[in-house]
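To start, the structure itself, in structure tokens.
The values are calculated or read from the model by the stated rules, or taken from the named source; none is laboratory data. Model, not experiment: these values are computed from the prediction. Cβ placement follows ideal geometry from the backbone for every residue including glycine, while neighbour counts extend to all protein chains displayed.
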Amino acid sequence: MTVEYRPTFVSLAWLSMPVYHEVLEPHLATDDLQQELDGLDAEINVVAGLIEDCIKENAHVALDQAEYQKRYDALVDRFDTAKARQKVLAQQITDRQARRQQIELFLAGLKKREPLTVFRDEDWLAMVDYVTVTEDTGITVTFKDGTEIDL
């Protein structure tokens with residue numbers, strides 16, 4: 001087996017740093033999700049207070065129980081919907097933060113390396129996650145940052 005030096009392969013690895021900041025970073029930002037999460041926290045607190053008020057009113061004032069139940073159920077549904085969305089947003093924020101950290105660690109390691117002029121096992125293992133070889137499409141190299149290059 002012959003290993004061929006490919007300058008385009010090397011330059012693509014080094015170009016991934018600006019690509020990260022211009023393309024990937026906006027998709028890994030959590031500001032919009034955090035803002036929505038903060039709004040949901042406020043909504044949950046308001047609805048919890050409304051549920052508490054509804055229960056207190058029912059305990060102290062003679063109410064039509066069908067109307068009370070309808071109002072109570074609507075508030076609980078609103079609360080449950082907000083809680084479910086809160087859970088989804090919290091997971092999305094965690095996922096984005098983990099992915100950002102993974103990419104930043106990969107790029108920090110990549111910056112410390114010298115430009116590739118010869119094949120070195122440690123560079124290959126540091127950058128490449130796996131290689132897929134198929135009869136139809138050929139060879140696809142998948143890097144640890146998720147980037148794929150078809151050869």
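Condition check: assigned to a helix (DSSP H, G or I), under 30 Å from V128 (Cα atoms) and modelled with pLDDT of 95 or more. Does Q91 satisfy that?
yes
Within the stretch 59-69, take every residue that is surrounded by 11 or more Cβ atoms within 10 Å (Cβ to Cβ) and free of Cβ contacts under 8 Å to residues at least 12 places away in the same chain and give me the one that is nearest to E43 (Cα to Cα).
Within the stretch 59-69, the match that is nearest to E43 (Cα to Cα) is Q69.
So the check is Cβ under 7 Å with 6+ separation or different chains; which pairs have a first residue in the stretch 128-151 that's part of a loop (DSSP other than H, G, I, E, B) and a second one that's of a type in the set (D, E, K, R)?
T137/D150; K144/D129
Can you name every residue in the stretch 25-42 that is among the hydrophobic types (A, V, I, L, M, F, W, C) and either closer than 14 Å to V88 by Cβ or outside any helix (DSSP H, G or I) (or both)?
Across the stretch 25-42, the qualifying residues are A29, L33, L37, L40.
Which ones in the stretch 43-77 are among the acidic types (D, E), assigned to a helix (DSSP H, G or I) and more than 32 Å from the chain's Cα centre (by Cα)?
Those that are among the acidic types (D, E), assigned to a helix (DSSP H, G or I) and more than 32 Å from the chain's Cα centre (by Cα): E52, D53, E57, E67, D73.
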